[in-house]
Every structure is written in structure tokens, then in C-alpha cells.
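FYI, it's all coordinate maths here, none of it is from the lab. Quick caveat: nothing in here was measured; it's all calculated off a predicted structure. Cβ placement follows ideal geometry from the backbone for every residue including glycine, while neighbour counts extend to all protein chains displayed.
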Amino acid sequence: MARDVVLQHTERPFRAGFACLVGRPNVGKSTLTNSLVGQKVAITSSRPQTTRHAIRGIVHQPHGQLVLVDTPGLHRPRTLLGQRLNSVVRATWSEVDTIGFCVPADVVIGAGDRFIAGELAALARRTPVFGIVTKTDLVPPPRVAEQLAGLADLARSAGMGEFTELVPVSAVDGFQVGLLADLLLARMPESPPLYPGGELTDEPERTLVAELVREAALEGVRDELPHSLAVVVEEMSPRQGREGLLDVYVNLYVERDSQKAIVIGRGGRRLKEVGSRARAHIEALLGTPVYLDLHVKVAKDWQRDPKQLRRLGF
């Protein structure tokens, strides 16, 4: 009987909850989300402000389930779209069990980081906040140590106090990614699983397909285009008389004719490359052959137009 009591007290409770990764644009939040989940659920790009939705990725472990919410980078907005993306970030912060504040190892801590730390100060009183130094594979260990110390100083000076945990990671080589998952999960409440086993994201297929097309279109483009590019899946349906083939019709929206020319490329060559690259990822996601039909359209100044923002899903 005594042995049974000991076993009951040493059994680990199942934990499940939500953790949000926040930071300036382009600090590696989406890449880290994908690494933690073990599969691509959020698109990545070297261009800032790639993420436009709060994407949920689900980490399954024997004793728990961690739901990671990858948010757009918090920034000082210049458009109505920017204001709405910031609203997505702040709304997510208020709903999660833990927040991970991401700062890259290869960039000096600056005004954008101080701005976010100030925003987090009030939340830190009731929500555990982790300090996460990303991209540690890009710098030598002494620089990582400096950035960890700088991030800790930033938290104290912003009124956040001490971080719950301070963790350096690299999503590229996997350095301490597993440790971060364990530490985050330990802060989740005791709970039954929130999602079925094996499910890696709760995003609709149309959203994921649109994001994969946008990721392919962002590769190698000029600086101004990422902010002006929106993607909408107009139709996804099985082809009549062709079992297993899925027809996917997608519109890519830009703000000016000059941007349309960039996306299409000379003789349509670039758009064909975008389609080929996106189709491979979509077929891997859906597990079925895909016919992908892409069209580029101009929606003048859509980032500043409430009516067009609603039509494009923002």
C-alpha cells in the first residue's frame, strides 16, 4: 500500500497550454516555431514582417502538449495593416500561459526590443516571460553570453524584473530547442490534451496554402514588396474525372503595376518559379498532387483601405 502511494506522488501530471513567441520582425520566431513543432507550420523569410497571422503549432510530448502561437513582429505601424497586425500580437499576449521574448544573437539590442520590453512589463507580473536568444549558430559563444546578459539587463530596466528562464537556442542546428520545449511545458497548467494526437496545427488548409504561396513569392524580391503582397486562395477542389488531383486557384495581390511586374518577371518566368516552388510544398502538406493556378492582381493601396483589408482577410 505504501508503495502505491509513492507511485502516485511521483507520477508526472499531464500539462497543456499556450505559449506565445514575440519579438521584433525577423528575429527567427517562425523558424523556431517550426523547429519546436518538428515540421513546417509557419512560413519563413529573410524579409521582415513575413508573419501576418497568429499561427498555432502543436508540440506533443508524453507528459504534455505545448501549443505555440507564432505572432507577427511587433513594430511601430505605418499603415492600417500594421496597426491590425500589432492588435493581433497584443490580443494573443493576453490569452497565453507563457510568453517567449525573442532577441537574435547577431543583432545589437535596440529601440525595437526596448519598446517590446516596455509593452511586456505589465504582463510580466501575471504571466511567466522567457528570454530567448535566437540564431546562436551565427555568432561565437562569447557573443551569445553578451546578448544573454544584455537581454537580462533590458528586462530589469524595463520593469519586467527577472525572466522566468533565460535560454539561448538555434533553430537551425537544434541547439537547446528540446530544452526550451521542456521548460515551456513545465510552466503550462495541468490539463488534458487540447488537440488530438498527431495534429501539428489548427490552421485551415486554405490559410496554409496561401502562406506557402506567399513564402515562395517573397524569395529574392525587392525590399518594398513583402509589405505589399497578399495572397488569397479563391478555390480548392478535386478535379472532376481525375482522382487524387486537387485544383488550387490563387490570386496574389500587390499595390502597384510595377510590383505586379516584379512578381511575374520577364516573360512570366518568375511567376512560374514561384508556382513550382509553392506547389512542391503544398503537395507535401496535403499529400496529394496539385494543379496550382496563380494570377497576380493590383489592389491599389490595400494596406491602408479598411474595405480591401477585410476582403483580403485582415
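The table that follows gives values for the structure above.
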quantity	calculated
Those trypsin sites (Lys or Arg not before Pro) in the stretch 88-184 that DSSP places in a loop and that have at most 11 other beta carbons within 10 Å	ARG126
Point-charge dipole on Cβ atoms (K/R +1, D/E -1) for the stretch 123-173, about Cα centre, debye to 20	240 debye
Length gained when the stretch GLN39-GLN61 is fully extended (0.36 nm per residue, less Cα-Cα span)	6.5 nm
Ranked list, fewest to most other Cβ atoms within 10 Å of each Cβ, for LYS260, LYS300	LYS300, LYS260
Integer Hz, Karplus 6.51/-1.76/1.60 couplings in order for the stretch 13-23, x for Gly and Pro	x, 7, 10, 8, x, 10, 10, 10, 9, 10, x
Dipole in debye (nearest 20) - the stretch 205-311, about Cα centre, beta carbon charges: Lys, Arg +1; Asp, Glu -1	340 debye
For the stretch 126-246, radius of gyration divided by Kirkwood radius, i.e. Rg to Rh on alpha-carbons	1.10
Residues of the stretch 238-262 with amide N under 17 Å of a point placed 7 Å along Cα→Cβ from GLU205	238-250
Volume per residue that the Cα convex hull of the stretch 187-314 spans, once the total is divided by residue count, Å³	166 Å³
